[in-house]
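Every number in this text was worked out from the coordinates using simple rules, so none of it is lab data. If you're wondering where the values come from, they're calculated on a predicted model, not measured in any experiment. Positions of Cβ are backbone-derived with ideal geometry, glycine not excepted, and every protein chain shown enters the neighbour counts.
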Amino acid sequence: SAIVHGAGAAAALAGVILLGARKGKYGKNGEIYPIPGSNLPLATLGTFILWMGWFGFNGGSQLLHSDKENATAVGQILLNTNAAAAMGAIAALFVCKVLWGKADLTMVLNGALAGLVVITADPLSPSPLMACLLGILGGSLVVFSIVALDKAKIDDPVGAISVHGTCGIWGLMAVLITSDDATLTGQLTGLGAIFGFTFVAAL
């Protein structure tokens with residue numbers, strides 16, 4: 001959630017700050033004009049490819065599956081990964097319906113990715129129900145984060161900073177709930193080191 005996704009988000013934030021907003025995104029009086037994606041079917045396909053690849057990403061992080069204990073662990077990881085992604089997508093859909101009265105495909109796709117990012121910090125420790133809850137919170141959080149960045153005039157075309165940064169931070173902090181081995185000091189130190197170094201180096 002931090003060493004991969006947080007680092008990517010920090011670099012994306014640096015890039016967005018350097019490049020500035022796209023032409024026509026913001027009006028002179030603070031208006032925000034949406035610039036829709038040009039090919040939502042391909043965006044959806046890309047999300048599904050990522051979702052499928054995440055099983056190798058998280059499951060492979062166990063490094064071993066040739067004995068009973070590790071094979072069981074890999075199964076738990078795959079279950080939690082899928083549950084978080086599915087619930088993230090559903091949560092984002094629900095939040096969109098509540099806020100705007102209609103579904104937004106890009107938000108639903110980002111909700112699925114948000115669930116995946118959140119669970120990646122520690123996909124083994126949570127129970128399947130906890131993985132669902134983490135995904136729900138991630139999928140909800142990403143919608144509000146995208147809206148907040150837009151209002152702050154940070155033009156993030158695909159929501160990468162929200163998906164990988166905001167939800168990466170949430171995933172890192174959620175480990176404190178699911179694992180007795182994690183400490184607040186350790187999580188914050190890692191977060192500061194990863195985000196700080198990557199942002200400065202990318203900038």
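If a residue has to be touching a residue at least 40 places away in the same chain (Cβ under 8 Å) and outside any helix (DSSP H, G or I) to count, how many in the range 159-181 make the cut?
2
In this structure, is G37 surrounded by fewer than 16 Cβ atoms within 10 Å (Cβ to Cβ) and without any contact (Cβ under 8 Å) to a residue 24 or more places away in the chain?
In short, no.
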